[in-house]
1. Can you give the accessible area of Y125 in Å² (nearest 10), computed on protein heavy atoms with a 1.4 Å probe?
2. If each DSSP helix of 4+ residues adds -39,500 (n - 2.57) and the sum is divided by the residues in the chain, what number results at 222 nm, nearest 500 deg cm²/dmol?
3. Could you work out what % of the accessible surface of segment 220-346 is carbon and sulfur, using a 1.4 angstrom probe and leaving DNA, RNA and ligands out of the count?
4. Could you tell me whether segment 104-236 comes out rounded, prolate or oblate from its Cα gyration tensor? Rule is a ≥ b ≥ c as square roots of the eigenvalues, rounded for a/c under 1.5, then prolate if a/b exceeds b/c, otherwise oblate.
5. In the chain, how many lysine pairs have Cα atoms under 21 Å apart, counting only pairs 8 or more places apart or on different chains?
6. Count neighbours as other Cβ atoms within 10 Å of each site's Cβ, and list the trypsin sites (Lys or Arg not before Pro) in segment 227-311 that are DSSP loop with at most 12 such neighbours.
7. For D285 and S245, FRET efficiency with R0 = 22 Å and r from the beta-carbon atoms, rounded to 0.05?
8. If the viscosity is 1.306 mPa s and the temperature 10 °C, what Stokes-Einstein diffusion coefficient in µm²/s follows for segment 282-364 when Rh is the Kirkwood radius over Cα pairs?
Amino acid sequence: MRIGIVCPYSLTVPGGVQMQVLGLARALSRRGHPTRVLGPCDGPPPDTNVTPLGNSLPATANGSIAPVAPDPSCQLRAIRAMRDESFDVIHLHEPLAPGPTMTALLVRPAPLIGTFHAAGGSLAYDLLPRATRFLAGRLDLRAAVSPDARDMAADALGGTYDLLYNGVELAPYRAAEPVHASGPTILFIGRHEPRKGLGVLLEALRMLPGDVRLWIAGAGSETAARQARTASDPRVEWLGTVTDSEKIARLKGADVFCAPSLRGESFGIVLLEAMAAGTAVVASDLPGYRNVARPGHDGLLVPPGDPAKLAAALGRVLSSPPESSRLVAAGLARAKAFSMSGLADRYLERYERIAVSTSRSNTR
């Protein structure tokens, strides 16, 4: 089966959707199914099976900045690539995001499956209800990565959705060598924007012992201001945007991974990454994070926006090796249950189903 996967977001910019797209494509290719990824790229394509569609533009979405490509030149490249590749099925991630996924819905050169990732509301759904419902109706099958994403899409668009949680590639975590710090270390990975809660974590750090270090990976609108406020604190190390290999090495080397987000998290794939790396997880108690971390079992979850309770949970993990070991063991088992290879199998079953169904319809 020849599979196309279309991503609306720049594949050279770190992001949860992009990671799922590239990881799923690798898993499908390993199973012998030629898979091509189409999406904008602001630089060299990240994998050899990627067809770049042009540069992206920043757009505000769900309290964040999304690197989308709505320009006509990108759409023309997408149409040409979809027709040249003669895909048996095309998989659209965030199918109603502006850009090549929406173009695929209009052109519809092959059976289409759409995966909905977002939770927390959509301006397009609110302002263009008839248009978005029409476009969603061109999908042969709809999937969602979490109950929140499913419910948001169903409320706005109608229809039914297969619940297919995100996956994590396990092999890179098993093979990587860790980067260690000189003392107990917390790692934060994410965009530096209000909803990710980095300010809450920095407040919590002040309540922890002086030997605790904090690694901060990523960048965003808050970076400069946060760096200025912590310039005199040697415990804080700003890593900037990290490669996948460095991200994995830092995850394996940290003592605890912290995700202090305030809202808007649909799934929490970064929690699964930490679990796959064998690192204890402390995170905000959000519905999206509960999809991954069962409270008190796979991770410690605390009320969002509460520095004192966040500091208490972090201190509990850092000061108690038995507690840390318990969370690590549970997390490793949890990550295995969400393997990318298993997710690829579930999608393959659906690809084959809609390809056969469409073929039968065309012969009638």
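The values are calculated or read from the model by the stated rules, or taken from the named source; none is laboratory data. Worth saying up front: this structure is predicted, and the values here are computed from it rather than measured. Here the Cβ is made from the backbone with ideal geometry for all residues, glycine too, and neighbour counts use every protein chain on show. For accessibility, only protein heavy atoms count, side chains too; no ligands or nucleic acids. Shrake-Rupley method; radii C 1.70, N 1.55, O 1.52, S 1.80 Å.
1. Ignoring ligands and nucleic acids, Y125 comes out at about 30 Å².
2. That calculation yields -13000 deg cm²/dmol at 222 nm.
3. 53
4. Prolate, because a/c is 1.5 or more and a/b exceeds b/c.
5. 4
6. Passing sites in segment 227-311 do not exist.
7. So, using R0 = 22 Å, E works out to roughly 0.10.
8. D, rounded to a whole number, is 102 µm²/s.
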